[in-house]
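One structure is given here, and the rest of the page talks about it.
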Amino acid sequence: MKMGSGSRRGFTLTEASISILILVILWLAAVNAMIVGKYTASYARHKMQAIYLAQQAIENLRKTPYSLMVSNGPIAVSIDSKGTPDNAADNFNGTQTITVYPEVVGTYYKRVAVKISWNEIFFGRAKQISEYCATHIANEPQVN
């Protein structure tokens, strides 16, 4: 009987290194997907909050007498995590600009545009993001 001859069991250093490299690449891909998902979720949440703020501003303008509608420059707006306006915001901070355009057709209606802007952090860099909502508001008290 011959001892020591035949195949050896185990992995070579090359095989182990390649296996570890493949695992590291898969791990990095998973971490990257989690980070991108976090930023995407934050952006989507802030975009929905901006749309909410813009629609709320338009609804407030509908309550304003037609002759008193004026453009407002950038003002600070904030919203908390539950979607209600709040002075001490914990999620969303931005600016709101309301633009009331002159009467489009005589004195029948005005075009109102609301722009919400905020800084979104993407991989450590701030990027200016804006959301717009616009409508026409009629000069009829029973319609507004």
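The values are calculated or read from the model by the stated rules, or taken from the named source; none is laboratory data. The structure displayed is predicted, hence computed values, not measured ones. When we count neighbours, we look across all protein chains shown, and the Cβ atoms used for this are built from the backbone with ideal geometry, even at glycine.
Taking the numbered list (1) over 30 Å from ILE129 (Cα atoms); (2) at pLDDT below 85 in turn, THR14 passes all entries but (2).
So is LYS127 buried (at least 18 other Cβ atoms within 10 Å of the Cβ) and modelled with pLDDT of 75 or more or not? Please lay out each step first, then the result.
Numbers: buried (at least 18 other Cβ atoms within 10 Å of the Cβ): no; modelled with pLDDT of 75 or more: yes.
Here the answer is no, as LYS127 does not meet what is asked.
In the set (1) surrounded by 12 or more Cβ atoms within 10 Å (Cβ to Cβ); (2) assigned to a helix (DSSP H, G or I), the condition left unmet by VAL77 is number (2).
Among what's in segment 99-124 and is at pLDDT below 80 and in a strand (DSSP E or B), pick the residue that is surrounded by the fewest Cβ atoms within 10 Å (Cβ to Cβ).
Taking segment 99-124 as the starting set, the residues that turn out to be at pLDDT below 80 are 101-108, 121-124.
So of that shortlist, the ones also in a strand (DSSP E or B) come out as 101-103, 121-122.
On the way: TYR101: 13, PRO102: 6, GLU103: 13, ILE121: 11, PHE122: 14.
Across segment 99-124, the extreme among qualifying residues is PRO102.
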